[in-house]
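Peer 1: Sharing a structure here in structure tokens format.
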Amino acid sequence: MDAIAVQALSVRRGDFVLGPMDFSIGQGEIFALLGKTGAGKTILLETLAGFYDTTYHGTIRLLGQNAQTLPLAQRPVGFVYQDCGLFPHMTVQENIGYGLKMHGAGAADIQGKVNALAEMLSISHILKQYSAMISGGEKQRVAMARALALDPKILLLDEPFSALDPATKAMLYAEIRRIHQTFGCTILFVTHDFQEARQLAQRVGILLNGKLRALVKAEALFQTEYDAEVAAFLKG
């Protein structure tokens, strides 16, 4: 059973059309979605997360279940936006525990989970701080901790490293691998960085102008024959 299985998926947002497309991502796989700005990468992630349930056509299955039968809060999905989406009026601790609180978890359980995730992601020292007071790399760690607090089986990351310096990126690459190993979750991340896709992912999808143009193993990204448009994209 795949973690994500998509059939004949199409989404219209204004004049932009994503799809139609078919693809699947196996349980426990790390999958990268490559594409230029405006290709539809974020729209695809948001659709998988359930933001456009009334406007897409086709079928999305998450761990074998039709996604449209699952209320948003019950989807086995964690989502991290490029800008992290942290609540500025909450401390780091409150941000991480927010989803647990909304799901009715008790204070002791929330505190225990927050502390465990903070220790794992090396952010225990900033739990009492607000998001404006922490670095970009720390914000990404906090956003990932908040997403992981509800034990998602599928983690969606929207260009999580694009605004970070190379040293911070390298540290977060290691964090992603550790999260994958520890939680065993399926990870789908969006990027426009070819080397990032090759370094982190097992497979890569190439999305151009709303169309999924190729699916390849990460190590074969530059050894595969493509049509002229995809080849030009990969040459930069």
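Peer 1: Limited to the stretch 155-186, what total is found for residues that are within 24 Å of Phe233 (Cα to Cα) and in contact (Cβ under 8 Å) with a residue 60 or more places away in the chain?
Peer 2: Adding up the residues that qualify gives 7.
Peer 1: Just one of (1) under 19 Å from the mean Cα position of the chain (by Cα); (2) modelled with pLDDT of 90 or more; (3) of a type outside the set (Asp, Glu); (4) within 28 Å of Ile179 (Cα to Cα) trips up Val11, so point out which.
Peer 2: So Val11 meets the others, but not (4).
Peer 1: Let me ask you something else. Tell me which residues, restricted to the stretch 143-175, are among the β-branched types (Val, Ile, Thr) and closer than 26 Å to Gly40 by Cβ.
Peer 2: If we filter the stretch 143-175 for residues that are among the β-branched types (Val, Ile, Thr), which is where we start, we get 154, 168.
Result: Ile154, single match.
Residues are listed down the side, and each one gets a yes or a no for (1) open to solvent by less than 20 Å² (accessible area, probe 1.4 Å); (2) at pLDDT 90 or above; (3) more than 15 Å from Gly205 (Cβ to Cβ):
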{"residue": "Ser24", "(1), (2), (3)": "no, yes, no"}
{"residue": "Ala32", "(1), (2), (3)": "yes, yes, no"}
{"residue": "Thr47", "(1), (2), (3)": "yes, yes, no"}
{"residue": "Thr54", "(1), (2), (3)": "no, no, yes"}
{"residue": "Arg61", "(1), (2), (3)": "no, yes, yes"}
{"residue": "Gly64", "(1), (2), (3)": "no, yes, yes"}
{"residue": "Gln68", "(1), (2), (3)": "no, no, yes"}
{"residue": "Asp83", "(1), (2), (3)": "no, no, yes"}
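Peer 1: Scan the stretch 209-236 for residues that are outside any loop (DSSP other than H, G, I, E, B) and touching a helix residue (DSSP H, G or I) at 6+ places or on another chain (Cβ under 6 Å) and jot them down.
Peer 2: So the first thing to find is which residues in the stretch 209-236 are outside any loop (DSSP other than H, G, I, E, B), and the list is 211-220, 228-234.
Those that are outside any loop (DSSP other than H, G, I, E, B) and touching a helix residue (DSSP H, G or I) at 6+ places or on another chain (Cβ under 6 Å): Arg213, Ala214, Ala218.
Peer 1: I need the full set of residues from the stretch 1-21 which are open to solvent by 50 Å² or more (accessible area, probe 1.4 Å) and either over 15 Å from Lys41 (Cβ atoms) or touching a Pro at 6+ places or on another chain (Cβ under 8 Å) (or both), in order please.
Peer 2: Hits for the stretch 1-21 are Met1, Asp2, Gln7, Ala8, Arg12, Gly14, Asp15, Pro20.
The values are calculated or read from the model by the stated rules, or taken from the named source; none is laboratory data. Just so you know, these numbers come straight off a predicted model, no measurement behind them. Positions of Cβ are backbone-derived with ideal geometry, glycine not excepted, and every protein chain shown enters the neighbour counts. Please note that ligands, DNA and RNA were not included when accessible areas were found on the heavy atoms of the full protein model with its side chains. Shrake-Rupley method; radii C 1.70, N 1.55, O 1.52, S 1.80 Å.
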